[in-house]
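Engineer: Sending over a structure as structure tokens; questions will come in a sec.
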């Protein structure tokens, strides 16, 4: 592979759309209404940002039924911009591969997408000398009907805040985390270990990689956080819980990043926050969209809200109105 060769991974939207068309006959049973906020930051020490987040939210019913929506965070490594490239290439390749996979099993599609992204990074590192040693973590969440599927490689994390309690969904693939799980280190010793940043699994690190898969039944009121270790390594779990319990997803993402910087900002910092506003039957969603269309006709084109826009019902109604404006069904 030539040093000047383009190595980014284009999304190939035509291929995606062709894959979506093949799934057009399906329809979800349920639809989870969410709001998202995200922020990535250089931190106080690093000279470039090797973190990246990405997401894809299809509106086609068939795609929502079979593949759902994807949200992901990657933390690249390798130096000389290789980590930044690794994170971007991995996310683009992973998302594309997941949505174009022919399998009816989303978990199988996730595992295959991880293998494809890993293989692409390995090939780049093998054939471009300056990219040798490049790699990245990957933590991704797929929201499909009322289930969240997560795939994990590395030490970025997925958290769930539910009913005031914070739960770490994923397990770190790091040396200290494995020692804690084996009982060889305490949590306190792991925090002070000089090996706390040594990860044991990454995309691009070996020809094959084994991702961990997780499944969570989502509930209205859930708040999910995907983050790099630049956040989780600087801010305690108690502080993360306290900040997650406040304000909107966008404000929370900013506040979490600011807190990590206030604590030293020794690494790049990324936070992606998902609020679950409601889980409703697809037919009920269609009925509400129909009502909003009628309201829009009566109001001369813009749907009206019969409830306060800051209430949970109002936020749900507002998001459904947004679907209507974009032409969603």
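We did not get these values from a lab; they are worked out from the coordinates using the rules stated. Given the structure is predicted, the values throughout are model-derived calculations rather than measurements. Reconstructed Cβ throughout: ideal geometry from the backbone, glycine too, with neighbour counts over all protein chains shown.
Engineer: Set the Förster distance to 35 Å, then compute FRET efficiency between residue 171 and residue 45 from the Cβ-Cβ distance, nearest 0.05.
Structural biologist: Using R0 = 35 Å, I get an efficiency of 0.85.
Engineer: For the range 79-108 and the range 257-280, what is the separation of their Cα centres, given in Å?
Structural biologist: Comparing the Cα centres of the range 79-108 and the range 257-280, I get a distance of 22 Å.
Engineer: Can you tell me, using C-alpha contacts under 8 Å and at least 6 residues apart, the relative contact order of the range 146-299 as a whole percent?
Structural biologist: 27
Engineer: A further question follows. Using a Förster radius of 56 Å, what is the FRET efficiency between residue 263 and residue 208 based on their Cβ-Cβ separation? Nearest 0.05, please.
Structural biologist: Result of the calculation: an efficiency of 0.95.
Engineer: If each of residue 284 and residue 242 carries a label point 7 Å out from its Cα toward its Cβ, how far apart are those two points in nm?
Structural biologist: In this crude label model, residue 284 to residue 242 measures out at 3.6 nm.
Engineer: Where the convex hull is taken over the Cα atoms of the range 13-279, what is its projected area averaged over directions, in nm²?
Structural biologist: On the way: hull surface 55.4 nm².
Computed as one quarter of the Cα hull surface, the answer is 13.9 nm².
Engineer: Okay, moving on. So, by mean Cβ neighbours within 10 angstrom, what's the order for 267-274, 108-115 with the highest one leading? Present the calculation step by step, with values, prior to reporting the outcome.
Structural biologist: Values: 267-274: 28.2, 108-115: 20.0.
The packing order, highest mean first, is 267-274, 108-115.
Engineer: If r is the Cβ-Cβ distance from residue 182 to residue 57 and R0 is 45 Å, what FRET efficiency results, to the nearest 0.05?
Structural biologist: 0.70
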